[in-house]
1. Of LYS126/LYS223; LYS304/LYS342; LYS247/LYS370; LYS14/LYS191; LYS97/LYS249, which ones are farther than 28 Å apart at the Cα?
2. Exactly which GluC sites (Glu not before Pro) in segment 119-213 are in a DSSP loop and have at most 12 other Cβ atoms within 10 Å?
3. What Rg and what Dmax come out for segment 1-63 when only alpha-carbon atoms are used, in angstroms?
4. Using Cβ contacts closer than 10 Å as the measure, can you line up ASP104, ASP211 from fewest to most?
5. Using a Gaussian network model on the chain with a 10 Å cutoff between Cα atoms, which of ALA21, ALA257, ALA217 fluctuates the most?
6. If the chain were replaced by its equivalent ellipsoid, with semi-axes equal to the square roots of 5 times the Cα gyration tensor eigenvalues, what would those be, largest first, whole Å?
7. Can you tell me what percent of all Cα-Cα pairs in segment 252-373 are more than 17 Å apart?
8. Among PRO123, PRO189, PRO107, which one shows the biggest mean-square fluctuation in a GNM of the chain, springs joining Cα atoms closer than 10 Å?
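Please treat every number below as a calculation from the coordinates, not as lab data. Treat the numbers as computed from the prediction; the structure is a model and nothing was measured. Cβ sites come from the backbone with ideal geometry, for glycine too, and all protein chains shown count toward neighbours.
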Amino acid sequence: MKIQMVDLKGQYEKIQLEIDAALLKAIRNASFINGPEVASFTQNLASYLGGAHVIPCANGTDALQVAMMALGLEPGDEVIVPSFTYVATAEVIGLLKLTPVMVDVDPLHFNITKTNIEEAIGPKTKAIVPVHLFGQCADMEPILELARENGLYVIEDTAQAIGAVYTFSDGTQKQAGTMGHVGCTSFFPSKNLGCYGDGGAIYTNDPILADRIRMVANHGQEKKYVHKYIGVNSRLDTLQAAILDIKLKYLDQYSSARRAAADRYDRFLAGIDELKTPVRARNSTHVFHQYTVLIANNKRDALKQYLEALGIPVMVYYPVPLNEQEAFKTIGSIVGSLHETKRLCSSVLSLPMHTELTEEQQVFIADSVKSFFKL
Ligand SMILES: *Cc1c(COP(=O)(O)O)cnc(C)c1O
């Protein structure tokens with residue numbers, strides 16, 4: 001069987017009857033925008049998240065943009081982001097004429113830490129965007145404390161970490177995306193909770209902010225034809241909500257399947273000197289959106305080619321630090337050396353990771369990696 005980076009078809013086939021029936025029902029109902037499935041999914045996701053307010057929207061990038069608009073961030077305000085992330089995180093900051101201030105990440109967990117953020121805080125700083133990269137939470141407790149001390153908003157980019165749980169020092173546990181002022185997620189098909197097109201959602205525990213977000217996402221509309229803010233049109237459509245409402249029931253199962261696959265990789269890839277398997281954070285569960293290894297001695301690109309030639313798809317997330325992208329040359333600023341980001345960009349390699357990955361496939365992948373290293 002062909003190995004895939006993500007197996008969306010295999011996953012669909014296991015729940016095909018349920019999905020097909022729900023789609024047919026929604027189509028026959030013809031309530032394509034804001035149909036009952038949207039309300040149902042929104043409620044179910046809210047209870048999955050432990051009671052946060054959930055505002056569905058069109059995609060994860062919109063979620064970030066709408067969140068920043070609803071928080072009232074203004075041109076010139078600085079927003080601290082990791083330099084090692086997907087472009088969307090910083091792009092919306094630029095789009096709103098805010099200034100992205102890019103900082104380095106912790107090379108063990110690929111996430112920003114309090115220390116990275118601290119030195120970037122200045123008089124214009126208004127918000128921090130921790131990205132829970134590859135499926136585990138940034139170390140939020142110290143970040144939230146730092147934000148509180150400095151009066152900063154915390155906008156969690158949890159596009160890759162839905163279902164990850166963070167444990168605070170007093171034992172309290174919270175879902176990724178529900179710890180800061182706002183959480184933003186994506187239902188892009190390959191995300192851990194993916195729909196069959198584009199989708200996203202915004203979470204907040206603050207009911208007043210929730211109302212604002214809802215308005216901004218709907219043309220700034222307070223009630224029909226009363227527009228209080230300049231907003232956008234960003235909606236999750238009914239068909240996608242119907243799919244997500246079914247898949248949400250399986251999310252914990254999907255996370256377990258990913259964790260089991262990650263544990264197998266850990267075992268099969270142990271003892272390779274020039275390869276470092278992912279480090280689990282002390283206080284966050286990992287939902288393995290990606291299983292990302294570090295390859296030493298500049299051998300990453302050669303290994304990638306070697307595996308691809310054997311029919312094993314692998315990916316580099318992310319090859320270029322954000323601050324080196326042309327789009328950010330003139331709008332962003334950086335604080336610190338960003339040395340770790342630079343190093344990660346040349347050494348990370350993400351292996352196939354999805355809910356349908358079999359032990360047999362992983363044995364083949366691991367054996368191929370070992371043969372590259374002549375082991
Ligand atoms: C996927 C992703 C986004 C954007 O989501 P879209 O739904 O594709 O707009 C934002 N941030 C991160 C970290 C992502 O991985």
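1. LYS126/LYS223; LYS247/LYS370; LYS97/LYS249
2. Here the sparse-neighbourhood loop sites are GLU119.
3. My reading of the Cα-based Rg and Dmax gives 15.1, 42 Å.
4. Final ranking by Cβ density, sparse to dense: ASP211, ASP104.
5. Fluctuation is largest for ALA21.
6. Its equivalent ellipsoid spans semi-axes of 33, 28, 17 Å.
7. On the way: 4468 of 7381 pairs.
Above the 17 Å cut-off, segment 252-373 has 61 percent of its Cα pairs.
8. PRO123
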